[in-house]
Amino acid sequence: MAQDNFSRVTEFILLGLSDTRELQLLFFTLFLLAYTMVLLGNLLIIVTVRTDPKLSSPMYFLLCNLSFIDICYTSVTVPRVLVALLSGHKAIAFEGCMAQLFFLHFVGSSEMFLLTVMAFDRYTAICRPLHYTAIMARGACWALVAACWVGGFIHSIVQTVLMLQLPFCGPNVIHSYFCDVPPVVPLACADTALTEWLMASNSGLISLGCFLVLVGSYALILAKVRARLSQGHCKALSTCASHVTIVTLLFLPCIFTYLRPAGASPTRQDKYVCVIYTIFSPMMNPLIYTLRSSEVKESMWRLWKRCRA
């Protein structure tokens, strides 16, 4: 049947995490605290790195960009979730749903690529220290960050175009608290088998590929460092450990969510898995990087004293 014969859905209903009012208020409080920590923590990192000349190395330049991405990433979904939890208004316009899906994948995939670049930075610093300055020059860092954004944009455009080609004519209830590929595709009034596999391959393989590259780079670092342990290398291992923590929190839930056909039946557990990579992981970034980096903590302390002076 032609797509023109369908009456197009104008809005979707997001079921959220719970229908119980008490739980909705609890989720609102937790999400608001998490979002506040994401904003304040990542803004503090950005201001600290930008104002302290001692934090001019490529690692902190990339960390500053990661903090900016985390702010954008959580802002795609969390503010609307907070409004829905407080007001009970669960409807989202079709255009708003597609926009949310686009920006979610745009910023999310850009973060995956950036974390891969950060692993390459650590590998170069530890395994090729004599060539580090030349390889990770400021121009090269800007080019790598730009490539992350371009890659994220291309990925998101593909996802959105595939979604817009589907006809949505009847069911409009999304079993999630935000618009994403897995819960939205099954609502289409057409055979979506091919589209589901294309989308799963796109997002799932990007998540899996970046994860394997990251694990491989850290394995190479570990093999290199084991041969000559020193105070400097132990510090490098500590930095890598924080990166591995972020990688685990972000990539494993994404692989679980996207590396399967989008038409798989949604479950309540899927919603809580999404909380890990949309809220919890960005919230942990500033905590992990500041608590495990003495340079950042010292710079924040100097910034605090300047503000009080």
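Summary table below
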item	result
Residue match in segment 60-75 (condition: surrounded by fewer than 23 Cβ atoms within 10 Å (Cβ to Cβ), in contact (Cβ under 8 Å) with a residue 40 or more places away in the chain and over 30 Å from residue 141 (Cβ atoms))	no
Residues of segment 168-191 classified as outside any helix (DSSP H, G or I) and open to solvent by less than 10 Å² (accessible area, probe 1.4 Å), total	6
Of all residues making up segment 42-56, the number that are open to solvent by 40 Å² or more (accessible area, probe 1.4 Å) and either on the phi > 0 side of the Ramachandran plot or at pLDDT 85 or above (or both)	5
Complete set of residues in segment 9-41 that are charged (D, E, K, R) and either surrounded by 13 or more Cβ atoms within 10 Å (Cβ to Cβ) or in contact with a strand residue (DSSP E or B) (Cβ under 6 Å, 6 or more places away or on another chain) (or both)	11
First in segment 188-208 and farther than 19 Å from residue 277 by Cα, second anywhere and open to solvent by 50 Å² or more (accessible area, probe 1.4 Å) and modelled with pLDDT of 80 or more, Cβ under 8 Å, 6 or more apart	192/186; 195/165
Residue within segment 146-161 that is part of a helix (DSSP H, G or I), aliphatic (A, V, I, L, M), within 22 Å of residue 216 (Cβ to Cβ) and out of contact with any Leu (no Cβ under 8 Å at 6 or more places or on another chain) present	yes
Residue match in segment 129-140 (condition: under 25 Å from the mean Cα position of the chain (by Cα) and under 24 Å from residue 274 (Cα atoms))	no
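The values are calculated or read from the model by the stated rules, or taken from the named source; none is laboratory data. Everything numeric in this text was worked out from a predicted model, so none of it was measured. All Cβ positions, even for glycine, are placed from backbone atoms using ideal geometry, and neighbour counts span all protein chains on display. Areas reflect the complete protein model, heavy atoms only, side chains present, ligands, DNA and RNA absent. Shrake-Rupley method; radii C 1.70, N 1.55, O 1.52, S 1.80 Å.
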